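The structure appears right after this line, and notes come after that.
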Amino acid sequence: MNGEQLESVVYASNMGSYEQACKRFQWKDVESHFTWSRTGKVNMAHEAIDRHVYEGRGHKTALLYCDGQREEAYTFMQLCMESNRFGNVLRKYNVAKGDRVFIFMPRSPELIIALLGILKVGAVAGPLFEAFMETAVKDRLEDSGAVAIVTTPELLGRIRRDELPELKHIFVVGDCSSLDDGSLIDFKAEVNQASYEFEPEWLDREDGLIIHYTSGSTGKPKGVYHVQNAMIQHYYTGKVVLDLQEDDVYWCTADPGWVTGTSYGIFAPWLNGVTNVIRGGRFSPENWYRTIERYQVNIWYSAPTAFRMLMGANEEILDKYDLSSLRHVLSVGEPLNPEVVRWGWKAYGQRIHDTWWMTETGGQLICNYPQMAIKPGSMGKPLPGIEAAILDDEGRELPPNRMGHLAIRTGWPSMMRKIWNNPVKYDEYFRFNGWYVSGDSAYMDEEGYFWFQGRIDDVINSSGERIGPFEVESKLVEHPAVAEAGVIGKPDPLRGEIIKAFISLREGYQPSDELKEEIYGFVREGLSAHAAPREIEFKDRLPKTRSGKIMRRVLKAWELQLPTGDLSTIED
Ligand code: WT7
């Protein structure tokens with residue numbers, strides 16, 4: 001079975017096909033798509049870009065880039081050529097297979113070309129989100145032992161070169177003449193002189209691809225290391241979850257500094273050869289809707305926070321833009337509130353498809369598929385080929401409707417292969433034999449749908465009742481006054497914990513005791529008495545990660561007057 005047949009099996013027509021696909025699915029059928037099935041070797045940049053040139057799609061548009069100032073289009077041929085040139089530059093500076101090379105810059109075509117060039121020489125890419133400040137940048141470069149970085153003049157000052165002895169080369173995209181002390185390399189000048197001829201480094205499946213740093217519940221950020229083999233998952237989920245088809249225009253709103261922005265902002269769409277939109281610049285409802293209208297985006301992958309912000313925007317804006325090109329809308333990163341799903345149906349005429357996965361998993365695992373009935377609030381079902389389960393604290397599988405550790409049978413293609421420099425942390429994920437333990441709590445219903453409950457540490461126990469904060473938050477945001485809500489367990493001598501809600505209000509609402517009462521009553525009536533927040537605190541904004549998750553641990557630290565810990569992934 002090749003990629004095309006796989007599509008026809010999974011899309012066969014009706015709900016039956018999901019079960020059918022689960023039975024017939026084999027990873028080796030997807031694997032046959034890549035060069036290693038013929039040569040034993042592979043390279044992600046070849047599979048994502050060059051391959052399309054060799055197969056006659058070189059003149060197809062690969063990238064549509066815009067940011068309010070620049071607007072550019074690149075074909076697969078152009079990306080192939082430009083990344084060849086940067087590959088040659090890297091080789092000139094002796095950057096080689098296995099070296100870690102970081103990218104620290106805002107979204108731009110150069111970021112993409114740099115990343116592809118890094119992959120072509122077989123180096124391991126380390127994308128850093130542009131908002132990182134000095135310490136965060138240093139921690140990551142130091143931990144990974146990066147030998148080179150690609151950055152911009154604006155961000156250069158955040159790289160403590162004198163404290164990073166292993167960092168040999170700094171490539172600057174933009175004018176660096178005034179900053180240059182002789183150690184900087186002008187990216188554009190070098191690329192413009194380099195040859196277009198280039199033979200990529202041919203790699204084994206288990207050779208490195210990318211390191212994404214991510215926060216855990218404790219300690220410094222962890223370097224999650226992924227290998228070439230992950231492309232199997234990216235390609236496959238691009239087909240069956242994103243539903244990418246040949247003439248599609250696809251837009252993933254995530255920044256490549258985060259795993260969604262690489263796995264699904266770069267790899268999945270280009271492995272499938274579709275036209276990929278990358279938008280730089282800041283979020284605004286107008287900018288985003290204009291992007292969909294202008295490029296006739298068919299498939300749109302974003303996050304609950306963004307959808308909530310769009311939901312909070314003036315209703316009239318929806319009439320100003322033509323969003324009718326949309327065929328498939330997806331979400332990831334945090335719980336997708338049922339309220340948002342219902343709103344999406346009203347606003348876009350689209351079912352927003354939730355997808356669940358993590359930096360560590362490298363690709364999607366539990367999803368709502370295009371052909372599947374959606375239960376608002378559920379993350380969906382495991383991909384054909386993936387076994388998911390709910391485990392108790394001893395690693396035993398629990399029956400349906402019991403809350404426990406969300407775990408995945410080890411061995412899916414895009415599973416992380418190490419935590420850089422930290423085998424102990426790595427092993428913690430695999431403490432139950434044969435399982436990867438996600439750190440999320442969830443339950444599975446009788447029909448096999450998975451329901452996210454919270455991070456394990458966030459689950460609230462009040463008077464012996466287990467309460468998922470997500471459930472409460474979802475209810476809270478249904479109240480017309482509530483823009484966003486974060487819920488924590490606050491220690492209570494009588495009840496163990498009580499529920500405390502931090503709430504930011506929508507425009508036009510003022511904090512008041514009456515409003516607290518009303519919101520309390522709303523949850524009490526709408527959900528249950530034990531789930532209603534006995535304490536409510538209004539805040540102008542809630543602390544959130546860059547990927548949009550409300551940081552309950554920060555709320556908890558505020559509440560308990562504890563230190564907030566590592567905040568390097570927090571939003572402005
Ligand atoms: C954590 C992973 C991988 C995409 C970006 C986030 C939460 C992710 C969902 C979802 C509820 C979700 C989980 C997970 N999460 N997707 N659909 N519903 N929660 O990656 O930063 O590594 O975060 O995000 O808690 O463990 P990440």
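Couple of notes before you dig in:
- If the condition is being part of a helix (DSSP H, G or I) and of a type in the set (Val, Ile, Thr), then the stretch 41-54 contributes 49, 53.
- Scanning the stretch 269-287 for residues that are within 29 Å of residue 231 (Cβ to Cβ) and either assigned to a helix (DSSP H, G or I) or within 16 Å of the ligand (Cβ to nearest atom) (or both) yields a count of 3.
- So residue 38, is it modelled with pLDDT of 95 or more, of a type in the set (Lys, Arg) and not in a strand (DSSP E or B): no
- Applying the set (1) in contact with a Ser or Thr (Cβ under 8 Å, 6 or more places away or on another chain); (2) surrounded by fewer than 20 Cβ atoms within 10 Å (Cβ to Cβ) to residue 246 leaves exactly one unmet item: (1).
- Among the conditions (1) on the phi < 0 side of the Ramachandran plot; (2) outside any strand (DSSP E or B); (3) more than 9 Å from the ligand (Cβ to nearest atom), the only one that residue 381 does not satisfy is (2).
- For the stretch 538-552, the set of residues classified as in a loop (DSSP other than H, G, I, E, B), among the basic types (Lys, Arg) and within 11 Å of the ligand (Cβ to nearest atom) consists of 546, 549, listed by residue number.
- Residues of the stretch 502-531 that are in contact (Cβ under 8 Å) with a residue 60 or more places away in the chain and not charged (D, E, K, R): 530, 531.
- Residue 439 at positive phi and away from the ligand (no atom under 11 Å from the Cβ): no
- Within the stretch 209-224, considering residues that are more than 14 Å from the ligand (Cβ to nearest atom) and surrounded by fewer than 23 Cβ atoms within 10 Å (Cβ to Cβ), the one modelled with the highest pLDDT: 220
- Residue list for the stretch 529-538, filter: in contact with a Ser or Thr (Cβ under 8 Å, 6 or more places away or on another chain) and at pLDDT below 95: 530
- Residue count, the stretch 389-423 (criterion: farther than 30 Å from residue 146 by Cα, away from the ligand (no atom under 13 Å from the Cβ) and buried (at least 16 other Cβ atoms within 10 Å of the Cβ)): 6
- Inside the stretch 449-461, residues that are at pLDDT below 95 and either surrounded by fewer than 20 Cβ atoms within 10 Å (Cβ to Cβ) or within 11 Å of the ligand (Cβ to nearest atom) (or both) make up a count of 9.
- Filtering the stretch 347-378 to residues that are in contact (Cβ under 8 Å) with a residue 40 or more places away in the chain and more than 21 Å from the chain's Cα centre (by Cα) leaves 371, 372, 373, 375.
- Residue 340 meets all of the listed conditions (1) touching a Pro at 6+ places or on another chain (Cβ under 7 Å); (2) away from the ligand (no atom under 13 Å from the Cβ) but one, namely (2).
- Taking (1) polar (S, T, N, Q); (2) surrounded by fewer than 24 Cβ atoms within 10 Å (Cβ to Cβ); (3) out of contact with any helix residue (DSSP H, G or I) (no Cβ under 8 Å at 6 or more places or on another chain) in turn, residue 368 satisfies each apart from (2).
- If you go through the stretch 462-484 and keep only what is among the hydroxyl-bearing types (Ser, Thr, Tyr), more than 23 Å from the chain's Cα centre (by Cα) and modelled with pLDDT of 75 or more, you end up with nothing.
- Of all residues in the stretch 317-336, those that are under 26 Å from residue 443 (Cα atoms) have Cβ atoms under 9 Å from Cβ atoms of residues that are among the β-branched types (Val, Ile, Thr) and more than 16 Å from the ligand (Cβ to nearest atom), 6 or more apart or on another chain, in 329/299; 330/299.
- Restricting attention to the stretch 90-120, the residues being over 28 Å from residue 282 (Cα atoms) and surrounded by fewer than 24 Cβ atoms within 10 Å (Cβ to Cβ) number 9.
The values are calculated or read from the model by the stated rules, or taken from the named source; none is laboratory data. All values derive from a computational prediction rather than experimental measurement. In this analysis, Cβ positions are derived from the backbone assuming ideal geometry, glycine residues included, and neighbour counts consider all displayed protein chains.
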